[in-house]
Amino acid sequence: MPGLLIVNPHAGGGELTDELVAEAKARGIAVHLFEHDDDPAEIARDADADVIGMAGGDGSLAAVAQVAIERDLPFVCIPFGTRNHFARDIGLDRDDPIAALDAFVDGEEKRIDVGRANGRLFLNNVSLGLYAQLVHRREAHRRRSEAFARLRAFAILAQHRAPIGITIDGKPVRARVVLVSNNGYDLDLFSVGERDRIDTGRLHLYVPRGLLRGTWLERDGERFEIDAARHRLQAAFDGDPEVLETPIEFTIDAGALRVLVPRGPRA
């Protein structure tokens, strides 16, 4: 089964790029090294391949996954970024990108859900409000450590008490942070935990209102609409900064993505 692996050589520092490329080619996998001006979706769309994979961080996976859905092809995730939350939640060892290559050779297929915000695909979550502001700032200061980022998040929450002025499904909600996720997370104020499943067909919406999880507003459903008087909201799509026009319609495509994972105890 011919496969194509698109590699972002700058993801996660890129220390393993040469080894990853060599190991992929040894398995008979074609490799395209992503360059600055490349469009990963176009590369995937034009590929003569029966399987398409992406080696990169969470933010770079969605564009290729979208094309895999359009072409009804299996998708392979190679954890190659900083956090690799999606890789973790589909059962991969996110610290071992070489092992993930085995999905191309003898992979087991899983059907998982994808979320959409105004039609744009996300694999993990979309955050709005102050956490999104933190992500926008982090993009400008990429060397900030995770520990410092969490302290910065606390400082932002403590200093900015004004809500972002939104409605959820037409009802006003006082919120400084809103997170909409593809299936449900184990969450706390400063970090995104794991998802036990990504195939329940449900979005989850979280509005933190304090340090205690019991004070949060939480909902699940197949659709949410979030609007804002300013008609624009800073957002983070799977950890990458974006600005969205409102209203934002969140939907879920149940079982839309065919994911290949290596066979074995973690698959």
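The values are calculated or read from the model by the stated rules, or taken from the named source; none is laboratory data. On a predicted model such as this, the values are computed, not experimentally measured, just so you know. Backbone-built Cβ (ideal geometry, glycine too); neighbour counts: all protein chains shown.
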| note | Residue hits (the range 23-61; small (Gly, Ala, Ser) and loosely packed, with under 13 Cβ neighbours inside 10 Å) are Ala26, Gly28
| task | Quick one: in the range 1-27, of everything that is more than 22 Å from Asp58 (Cβ to Cβ) and in contact with a strand residue (DSSP E or B) (Cβ under 8 Å, 6 or more places away or on another chain), which residue is modelled with the highest pLDDT? | result | Lys25
| Which one of these does Thr215 not meet: (1) touching a strand residue (DSSP E or B) at 6+ places or on another chain (Cβ under 8 Å); (2) modelled with pLDDT under 95; (3) of a type in the set (Val, Ile, Thr)? | (1)
| request: Could you tell me which numbered condition Arg83 fails, if it satisfies all but one of (1) in a helix (DSSP H, G or I); (2) in contact (Cβ under 8 Å) with a residue 40 or more places away in the chain; (3) within 19 Å of Arg197 (Cα to Cα)? | output: (1)
| Residue within the range 169-178 that is on the phi > 0 side of the Ramachandran plot and either at pLDDT below 80 or crowded, with 19+ Cβ neighbours inside 10 Å (or both) present | no
